[in-house]
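To start, the structure under review is shown below, and the notes come after it.
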Amino acid sequence: VTKLWHFENNDRIQIDKVKAGDICAFAGLTEVTIGDTVVDQNDARPLPPIQVEEPTVAMEFSVNKSPFAAQLKESTKVTAVQIKARLEKECLTNLALRFEPGSTSESFKVKGRGTLQLGILMENMRREGFEFMVSAPEVLLREDPETGKNLEPYEDVAVDVPTEYQGVIMEEMQKKGGVMKGMETGAVENSLILSFEIPTRCTIGMPGKFMQRTSGTAVMTSQFSHWGEFDGTTIKLRDKGSITTGATGKATFYSILNFQQRGKFFVEPAEEVYAGQVIGLHNKDTDLAVNITKEKAVSNVRAASSSFTVALPPKIQMSIDDWLGHMDTDEVLEVTPGPLRLAKKKEIKGLK
């Protein structure tokens, strides 16, 4: 140890020694990680290491392979080497995060405690100039050493919601396989706190769904409960299909207007799109491919309706958390310092 500091108010002051109970900072040791104990060589009694819960969710981070890859001047870190170095740096301070080689030489399987933790990492990386693609979140299973059966993580979920939306929350939880454990009066008048036990895989995208169906009034919190037996059932996380574009170019007002009856859109006129990109949410549970770049045919005849102005609904704004809760297993999210784009995995060359 070469230097010692202690803290007074907001200042750090260098000192010569510290005593038991002092909060201090020091310099001079290398290769120190969280959980290590600095001990006397003649009386080595380290403290027990910090116990961190096992990861429950994984996503694959890979080099961006889309047709629009590395086109932004803000995208300064786009290679697998740079992505790996950033993940290694993150793991030094984020003890609940782990990563390992992915399905290709340019991908990495990143494991964390939930989509919120991984979403924060992705947002930080894009602000630092990283550009990459991520797969849909998947829940990690483990094997019971006694029975050999697969186990999955379960969450204790509490939803604070106005009484008028009680039925909405219970309906959504029932769809996802949640079991109600209790109900109590909330701190605010005419509100309830509903408690559920539900598999972690069924909570992906749930906070956003609750916000939509309760006009932003529901507040959901969750924490890890236990590992329970995996029954193998498939629970549909999304009840709507995707609208994709079959051509690369600029989305046109004419095309978006024509397809308004088919669903809602994530893009607006003049926005650049590429073949295979998910540009909207279909009204039905099937996927729909359209040509969103088609221009209106030009003629010399003036239409009777040409004097009328038509306004398009605004595009759906999606954050990283929104995309992680929305995307399906056959889709990948393109993360850049600028736009976020969802695409069908099979349409992106070089992805498995």
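Read-outs: derived from the displayed coordinates by stated rules, not from any lab. None of the values given here were measured: they were computed from a predicted structure. FYI the Cβ positions are ideal-geometry reconstructions off the backbone, even for glycines, and counts take in every protein chain you see.
Some notes on this structure:
- For the stretch 194-347, DSSP calls about 85 percent of its internal beta bridges antiparallel.
- Going from the residue with the fewest nearby Cβ atoms within 10 Å to the one with the most, ARG113, ARG127 rank ARG127, ARG113.
- Taking θ as phi - 60° and the Karplus parameters 6.51, -1.76 and 1.60, the scalar couplings of the stretch 309-323 work out to 9, 10, 9, 8, x, x, 5, 6, 8, 10, 8, 4, 4, 4, 5 Hz in sequence order, x denoting glycine and proline.
- Going by neighbour counts of Cβ atoms within 10 Å, the residues SER215, SER62 line up, fewest first, as SER215, SER62.
- Of ILE50, ILE23, ILE34, the residue with the greatest mean-square motion in the GNM of the chain, using alpha carbon springs below 10 Å, is ILE23.
- With K and R counted +1 and D and E -1, the other residues having a Cβ less than 9 Å from that of THR329 yield a net charge of -3.
- Percent of C-alpha pairs per 10 Å bin, the stretch 146-229, short to long: 18, 51, 23, 7, 2
- Per-residue ³J(HN,Hα) for the stretch 92-107, Karplus 6.51 cos²θ - 1.76 cosθ + 1.60, θ = phi - 60°, Hz, x for Gly and Pro: 5, 10, 9, 5, 7, 9, 9, 8, 8, x, x, 6, 10, 6, 10, 9
- Around the amide H of PHE230, modelled in the peptide plane, lie the amide H atoms of ASN150, LEU151, GLU152, all under 5 Å away and 5 or more residues distant in sequence or on another chain.
- Of the GluC sites (Glu not before Pro) found in the stretch 174-249, those that fall in a DSSP loop while having at most 10 other beta-carbon atoms within 10 Å are GLU189.
- Antiparallel DSSP beta bridges within the chain, as percent of all bridges there, nearest 5: 95
- Cα-based equivalent ellipsoid of the stretch 177-216: semi-axis lengths in Å, sorted from largest, via gyration tensor: 20, 16, 6
- Answer label for percent of Cα pairs over 37 Å apart (calculated), chosen among (1) 30; (2) 36; (3) 13: (2)
- Radius of gyration over Kirkwood radius for the stretch 57-139, both on Cα atoms: the Rg/Rh ratio is 0.94.
- Average silhouette area of the stretch 228-286, convex hull of alpha-carbon atoms, in square nanometres: 5.3
- Assigned charges on the beta-carbon of Lys, Arg, Asp, Glu; the chain dipole about Cα centre (debye): 1700
- Applied to the stretch 232-243, the Karplus parametrisation 6.51 cos²θ - 1.76 cosθ + 1.60 on θ = phi - 60° returns per-residue 3J(HN,Hα) values of x, 6, 9, 10, 6, 7, 9, 9, 10, x, 9, 9 Hz, with x for Gly and Pro.
- The stretch 28-175: Cα Rg divided by the 2.2 N^0.38 Å rule of thumb: 1.39
- Pairs beyond 29 Å (Cα-Cα), from LYS176/LYS264; LYS294/LYS344; LYS109/LYS315; LYS111/LYS284: LYS109/LYS315; LYS111/LYS284
- Share of pairwise Cα-Cα distances greater than 19 Å in the stretch 1-101 is 65 percent (whole percent).
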